[in-house]
Amino acid sequence: MKKAIQFGAGNIGRGFIGALLAQSGYMVTFADVNEAVIDKINADQSYTVHIMDTQCREEKISNICGVLSTSEALIDTFAEAEVVTTAVGLLILPKIAPMIAKGIAKRKQEGVQACLNIIACENAIKASSQLKEQVYACLDDAQKLYAEQYVGFPDCSVDRIVPPVKSENFIDVVVENYYEWNVEQAAFKGEIPKIEGMHLAENLMAYIERKLFTLNTGHAITAYLGYLKGYETIDASIADESIYTVVKAAMQESGMGLIAKYGFAKDAHMAYIDKIIARFRNAYLKDDVARVGREPLRKLSQTDRLVKPMMTAMSYGYSVENLIIGIAAAMQYDNKEDAQSVTLQQKIDDVGVKKAFAEISGVTDENILQKIEMMYHTIKSNK
């Protein structure tokens, strides 16, 4: 049986990427730091994915095992693996890079000449490329030469809402029906793995930014506006007509930038926006606004879901007024349980809204900085 390693046995790892690998005939080794989850995976050797949407169904996932991602035993699994995937979060990639490097070194030591492809399935632009840099930093020159010949790091774009819903069996997972997994075709080494549900993309950046500027942008703005109004979930937030109006308009603004940049058909992209908003309305998911809004410093950074769409749309001369509302709402995300939120609010207290946003986002356009500051105070005065 073909073998795969999935770093991250959380809801996304089990409910999306790991499930697709197992359903495509792979024996999937889940690697995670959560000992209880790993023990349960090994005890049950299966779990259930509950697909909760307009039509609900269940899928049983088997051909699985687990290993602690800090265990030396994980290294041995690399020798026979065909594909390695991750769903750990961008900030955790540097922590798993040394173990991946040891796995590559193991393959070189054993003279493995079959190719290995490593795909970082994270909510970030070119996450696999970032992981490659971190892995290479742990390899010696000979190991790097081996990796250049036999190890691919295809970038990808992933899209599936997998909320942290607790099931009776704690390794079961709830997901929406919709998903997209677009992977950079040209970056594979050797024969491309046959994985059901994986779409090979020639122009991956178009897909990455379509998802970032649409799902991620709309999701984040829904979360921040909903949080300010006291809503707990995304479906409750988007049901508020005033939030829906801003979110849809912001997604249309970012969409105009995408259409200009990549030549997407306008009618098709506007229909895609409507489809994404329909996903936000899925009441089965009970997606927590605090989960979607977490790590606001990352979400307000220059290359992420709020600032990049705004700057892109602006560069083509389009309005960004509703994206500005979303950014101003993000700047007010005050969640004491979120370390980045605490840092954000402290920075605003120390240097003010305009300077804090400029430092976080890298934006230097004085007109935009002033608009964001004004909108911040407008929203705050209307709370």
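Summary of values
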| read-out | value |
| --- | --- |
| Relative contact order computed over region 151-261 (Cα-Cα under 8 Å; 6+ residues apart), in percent | 21 |
| 222 nm mean residue ellipticity, helices alone, for the chain (DSSP H n ≥ 4; -39,500 (n - 2.57); rounded to 500) | -14500 deg cm²/dmol |
| Choice from Leu200, Leu258, Leu90 with maximal GNM fluctuation in the chain (Cα, 10 Å cutoff) | Leu200 |
| Cα lying deepest toward the dipole's positive end in the chain, options Gly263, Val173, Ile5, charges on Cβ | Gly263 |
| Region 306-383: chymotrypsin sites (Phe, Trp or Tyr not before Pro) in DSSP loop, at most 10 other beta carbons within 10 Å | none |
| Vicinal HN-Hα couplings computed from phi for region 212-229 (Karplus, 6.51 cos²θ - 1.76 cosθ + 1.60; Hz; Gly/Pro x) | 4, 7, 10, 4, 5, 4, x, 4, 5, 5, 4, 5, 5, 5, x, 4, 5, 8 |
| Protection-proxy order for peptides 231-240, 271-280, each taking the mean of Cβ atoms within 10 Å per residue, highest first | 231-240, 271-280 |
| Stretchable slack from His377 to Ser46, in nm (0.36 nm times residue separation minus alpha-carbon distance) | 114.0 nm |
| For a label point 7 Å along the Cα-to-beta-carbon line of Asn367, residues of region 299-322 with backbone N under 17 Å | 310-322 |
| Selection of GluC sites (Glu not before Pro), region 1-99, meeting DSSP coil and at most 16 other Cβ within 10 Å | Glu72 |
| Separation in nanometres of the label points that stand 7 Å from Cα toward Cβ, at Asn203 and Thr343 | 3.6 |
| Most mobile of Cys156, Cys115, Cys56 in a GNM of the chain (Cα contacts under 10 Å) | Cys56 |
| Inter-centroid distance (Cα atoms) of region 1-64 relative to region 235-308, Å | 28 |
| Inter-centroid distance (Cα atoms) of region 142-161 relative to region 68-126, Å | 9 |
| Portion, in percent, of the accessible area of the chain that falls on carbon or sulfur, probe 1.4 Å | 49 |
| Point-to-point label distance, Tyr178-Asp76, nm (Cα→Cβ direction, 7 Å offset) | 4.4 |
| Placed amide H near Leu200: partners under 5 Å, 5+ positions off or other chain | Val183 |
| Three-way shape call for region 320-383 based on the alpha-carbon gyration tensor, with the a/c threshold at 1.5 | oblate |
| Label point 7 Å beyond Cα of Ile92 along Cβ direction - residues of region 165-192 with amide nitrogen under 16 Å | 165, 171-173 |
| Student exercise, region 253-377 dipole from Lys, Arg, Asp, Glu Cβ charges, in Debye to nearest 20 | 420 |
| 1.4 Å probe accessible area per residue over region 1-121, in Å² | 40 |
| Whichever lysines have a C-alpha closer than 24 Å to that of Lys355, once near sequence neighbours (fewer than 8 apart) are set aside | Lys299, Lys308, Lys336, Lys347, Lys371, Lys380, Lys383 |
| Derived scalar couplings ³J(HN,Hα) [region 138-154; Karplus, 6.51 cos²θ - 1.76 cosθ + 1.60; whole Hz; x for Gly, Pro] | 9, 9, 7, 4, 5, 5, 5, 4, 4, 4, 4, 7, 10, 10, x, 10, x |
| Nonlocal amide H pairs with Val174, under 5 Å, H built at 1.01 Å | His50, Val165 |
| Distant-in-sequence amide H partners of Ile118 (H built 1.01 Å from N, under 5 Å) | Val84, Gly152, Phe153 |
| Table column - 3J(HN,Hα) (Hz), region 286-295, Karplus curve with 6.51, -1.76, 1.60, x for Gly and Pro | 6, 6, 6, 4, 5, 5, 6, x, 4, 6 |
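The values are calculated or read from the model by the stated rules, or taken from the named source; none is laboratory data. Just so it is clear, the structure is predicted and the values come from calculations on it, not from any experiment. When we count neighbours, we look across all protein chains shown, and the Cβ atoms used for this are built from the backbone with ideal geometry, even at glycine. These accessible areas exclude ligands, DNA and RNA; they are computed on the full protein's heavy atoms, side chains included. Shrake-Rupley method; radii C 1.70, N 1.55, O 1.52, S 1.80 Å.
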